[in-house]
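Right, one structure below, let's go through it.
The values are calculated or read from the model by the stated rules, or taken from the named source; none is laboratory data. Keep in mind it's a predicted model, so treat the numbers as computed, not measured. Neighbour counts are summed over all protein chains in view; Cβ atoms, including those assigned to glycine, are modelled from backbone coordinates with ideal geometry.
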Amino acid sequence: MRLRPMTAIYLTRGEKILLLYRIGSRVVGNSYTGAAGGHIEAEEYREPRACVLRELQEETGLAEDALDGLALRYITMRNKNGEIRQNYYYFAALKDGFDVQNSNEGCLEWHDMSALDALPMPVTARHVVEHYLAAGRYDNKLYGGITTAKGPVFAEMNDF
């Protein structure tokens, strides 16, 4: 099996979340994903944060100084098409005075957090966003998740 490590970042502003409608992606198809994200490069392998910040700059024009509370919140795995897809999901609030540029990866759009059910999203991303809205946004825990055919299994990742 091959390993496909990827990152994504979800930006929030009040009760809205920024999503990128990706067009023509060979991994996620035409669907809503995090505001920015992509494959971890070889030199970023031990630093997914470096990858997500690079992708954020490339896909939104934003740098880390535009973010408040940037944190790795979810690490997930899924077996798909002969690959183990390992995803590192970051969340942050976008500071006042900053806004995103147009993306060459698709269309960036702010959405009400209460109205995401009908949006086409990759299965793991959907589970992460649903868990974040139900529990994750109210704490600062790191969660690990396995996506199964029956749905996600999330557990708090404690340091021990």
Query raised in the report: Do the conditions hold for Leu116, that is, is it of a type in the set (A, V, I, L, M) and either at pLDDT below 90 or part of a helix (DSSP H, G or I) (or both)?
Result: no
Requested in this report: Provide a single number: the residues in the range 39-80 that are of a type in the set (S, T, N, Q) and closer than 20 Å to Gly144 by Cα.
Outcome: 2
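What do you reckon, is Glu105 surrounded by fewer than 16 Cβ atoms within 10 Å (Cβ to Cβ) and either touching a strand residue (DSSP E or B) at 6+ places or on another chain (Cβ under 9 Å) or within 14 Å of Ala8 (Cα to Cα) (or both)? Steps first, answer last, please.
Values: surrounded by fewer than 16 Cβ atoms within 10 Å (Cβ to Cβ): no; either touching a strand residue (DSSP E or B) at 6+ places or on another chain (Cβ under 9 Å) or within 14 Å of Ala8 (Cα to Cα) (or both): yes.
For Glu105, the condition - surrounded by fewer than 16 Cβ atoms within 10 Å (Cβ to Cβ) and either touching a strand residue (DSSP E or B) at 6+ places or on another chain (Cβ under 9 Å) or within 14 Å of Ala8 (Cα to Cα) (or both) - is not met.
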Report summary line: Output for Cβ contacts, cut-off 6 Å, separation at least six or different chains, first residue within 18 Å of Lys80 (Cα to Cα) in the range 139-152, second of a type in the set (Lys, Arg), reads Thr147/Arg78
Requested in this report: Count, please, the residues in the range 53-69 that happen to be touching a residue at least 24 places away in the same chain (Cβ under 8 Å) and either part of a loop (DSSP other than H, G, I, E, B) or aliphatic (A, V, I, L, M) (or both).
Outcome: 5
Query raised in the report: Which residue out of Arg73, Arg137, Arg49, Arg54 is out of contact with any Pro (no Cβ under 9 Å at 6 or more places or on another chain), of a type in the set (Lys, Arg) and buried (at least 20 other Cβ atoms within 10 Å of the Cβ)?
Result: Arg73
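When you scan the range 90-101, do you find a residue that is farther than 13 Å from Thr12 by Cα and not in a loop (DSSP other than H, G, I, E, B), even just one?
Of the residues in the range 90-101, the ones farther than 13 Å from Thr12 by Cα are 97, 101.
Among the residues that remain, those that are also not in a loop (DSSP other than H, G, I, E, B) are: none.
No: the range 90-101 contains no residue that is farther than 13 Å from Thr12 by Cα and not in a loop (DSSP other than H, G, I, E, B).
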Report summary line: Over the range 140-160, the set of residues over 17 Å from the mean Cα position of the chain (by Cα) and outside any strand (DSSP E or B) is Ala149, Lys150, Met157, Asn158, Asp159, Phe160
Query raised in the report: Being assigned to a loop (DSSP other than H, G, I, E, B) and closer than 28 Å to Ala118 by Cβ, is that true of even one residue in the range 4-11?
Result: no
Report summary line: Taking first residues from the range 105-128 that are at negative phi and second residues anywhere that are modelled with pLDDT of 90 or more and part of a helix (DSSP H, G or I), the pairs with Cβ under 6 Å that are 6 or more apart or on different chains are Glu105/Glu59; Met113/Leu133
